[in-house]
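**Q** Quick one: the structure is below, questions incoming.
What follows draws every value from the coordinates through simple rules; no lab data is involved. Just so it is clear, the structure is predicted and the values come from calculations on it, not from any experiment. Counting neighbours? That spans all protein chains shown, and the Cβs are built from the backbone with ideal geometry, glycine included.
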Amino acid sequence: EARVFWPVFGGRNPVARVLDLSRDAARAGWFDVVVAHWKTYPPPFNRWLRRRARLLVFDFDDAIFMPPPRLAKNARKSLERRYLWNFRSTLQMCDAAVCGNGFLEAVAKPFVERTAVIPTGLDVSRWKPFEDAPAKNTAFVLGWVGSSDNLPYLEAILPALEALAARYHGLMLR
């Protein structure tokens, strides 16, 4: 039985982040596998984590190498280098990366030798596509998973959503 360590975020406070990263690196040696989910480690924390971890896996299913789109353009520009640097330097220290899709795998591949794509799971025995188009009086629910950081991407497909709403009058976005 393997002992797996899943580090978690300590918050946005810079002091809490330094303590959080230090704790992760210090504890890494206690486990057989360290899975860094969505969490990047800037130097020197990534090197410390690499020395302590027996097996280090990076797991991500979103473009965490980019700053949130809601930031002002000048703030985004200054953060882009840091986000990419932390992403790249973390991956270079890892034994493998688990990516949520092929696009993310292509971004990770130059920095880590072993990658695997594991898409977000969906229980297909429970959630089945419509055999036919829904009836006109049936509510059609379109699910969206995201945060306020992702709203610009939703706004980018607004014309397509409006076309769906015109076609399916009971359309709901949840």
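**Q** What number comes out for the charge environment of ALA26, summing +1 per Lys or Arg and -1 per Asp or Glu over other residues with Cβ under 14 Å away?
**A** Neighbour charge sum, excluding ALA26 itself: +4.
**Q** So for segment 19-63, what percent of the C-alpha to C-alpha distances run longer than 17 Å? Mind dumping the intermediate values first?
**A** Working: 238 of 990 pairs.
More than 17 Å apart: 24 percent of the Cα pairs in segment 19-63.
**Q** Could you tell me whether segment 12-113 comes out rounded, prolate or oblate from its Cα gyration tensor? Rule is a ≥ b ≥ c as square roots of the eigenvalues, rounded for a/c under 1.5, then prolate if a/b exceeds b/c, otherwise oblate. If you can, show how the numbers build up before the last one.
**A** Numbers: a/c = 2.17, a/b = 1.26, b/c = 1.72.
Here segment 12-113 falls in the oblate category.
**Q** Something else: If R₀ is 45 angstrom, what is the calculated FRET efficiency for the pair MET66 and ASP32, using the beta carbon separation as r and rounding to 0.05?
**A** It comes to 0.90.
**Q** Between ALA166 and THR120, what is the label-point separation in nm under the 7 Å Cα-to-beta-carbon projection?
**A** 2.8 nm
**Q** Within 10 Å, Cβ to Cβ, of HIS37, how many net charges do the neighbouring residues add up to if Lys/Arg are +1 and Asp/Glu are -1?
**A** Values: positive: LYS39; negative: ASP59, ASP61.
So the surrounding residues net to -1.
**Q** Also: Assuming R0 = 41 Å, what is the FRET efficiency of ARG54 and ALA156, from their Cβ-Cβ distance, to the nearest 0.05?
**A** Working from the Cβ atoms, E equals 0.45.
**Q** R0 = 45 Å: FRET efficiency of VAL18 with LEU173, Cβ-based, nearest 0.05?
**A** Computed FRET efficiency for VAL18 and LEU173 comes out at 0.70.
**Q** Here's a follow-up. Taking amide H positions as placed in the peptide plane 1.01 Å from N, state which residues far from ALA97 in sequence (5 or more) or on other chains have amide H under 5 Å from it.
**A** Amide H neighbours of ALA97, under 5 Å, 5+ apart: PHE58, ARG114, THR115, ALA116.
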